[in-house]
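K.L.:
I'd like to ask you about the structure that follows.
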Amino acid sequence: MQIEVIDPDPDIDTRLFTSSIDRVFLGEQKQGEYVNVIFMKRDELRAMKRKYFNLDLYTDVIAFNLNDPGKPIEGEIYLCLEQIKENAIDFKTEMQTELHRVLIHGCLHLCGYEDNSIELKAIMTNKEDQYLSQIDMGTS
């Protein structure tokens, strides 16, 4: 699978992104063609949320499946580092951990998971925890 990380912050070690994405797809038994991970500014991602989801709010991640049903996943995951840093403070967790949680969340959306109810959100959170526990982030 081809994975490209576009416009990351220079302080972010993106080497783990490939293994994190591969781990989710393997665990969910999904085949991937390509995934682009695109970093955007807070207001840019908010504008996308408004345009594509009709919700005017800040968000940390948006994911789009671009493939036809039944075909290997072709997708884009848009991340907002500003929001992820704020989340890390709010949730009292390491920024790198929160970054990977949000990346995994986007991957789960590409795999077909939704989070538009309390029950579905709980399933996704459990999956995020499962995959986070399998990633060795070292001390970075």
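K.L.:
Do you know which of the residues in segment 31-80 that are surrounded by 13 or more Cβ atoms within 10 Å (Cβ to Cβ) and polar (S, T, N, Q) is nearest to residue 110 (Cα to Cα)?
P.N.:
Residue satisfying both the conditions and the ranking: 65.
K.L.:
Need a quick list: helices (runs of 4 or more DSSP H) entirely within segment 1-100 having at least 2 residues that are within 15 Å of residue 135 (Cβ to Cβ).
P.N.:
15-27
K.L.:
Could I ask something else about it? What are the residues in segment 101-123 that are assigned to a helix (DSSP H, G or I), out of contact with any Lys or Arg (no Cβ under 6 Å at 6 or more places or on another chain) and touching a residue at least 12 places away in the same chain (Cβ under 8 Å), if any?
P.N.:
Within segment 101-123, 101, 102, 103, 104, 105, 106, 107, 109, 110 qualify.
K.L.:
Answer with yes or no whether residue 53 is aromatic (Phe, Trp, Tyr) and closer than 25 Å to residue 136 by Cβ.
P.N.:
When the stated conditions are applied, residue 53 does not pass them.
K.L.:
So residue 126 ticks every box in (1) without any contact (Cβ under 8 Å) to a residue 40 or more places away in the chain; (2) of a type outside the set (Val, Ile, Thr); (3) under 22 Å from residue 42 (Cα atoms) but one. Which box is left unticked?
P.N.:
(3)
K.L.:
Failed condition for residue 17, given (1) more than 20 Å from residue 114 (Cβ to Cβ); (2) free of Cβ contacts under 8 Å to residues at least 60 places away in the same chain, with all others met?
P.N.:
(2)
K.L.:
Which one of these does residue 137 not meet: (1) out of contact with any His (no Cβ under 8 Å at 6 or more places or on another chain); (2) in a loop (DSSP other than H, G, I, E, B); (3) loosely packed, with under 15 Cβ neighbours inside 10 Å; (4) not charged (D, E, K, R)?
P.N.:
(1)
Quick note: the coordinates plus some simple rules give every number you see, no bench work behind them. The structure displayed is predicted, hence computed values, not measured ones. Virtual Cβ from ideal backbone geometry, glycine too; neighbours counted across all protein chains shown.
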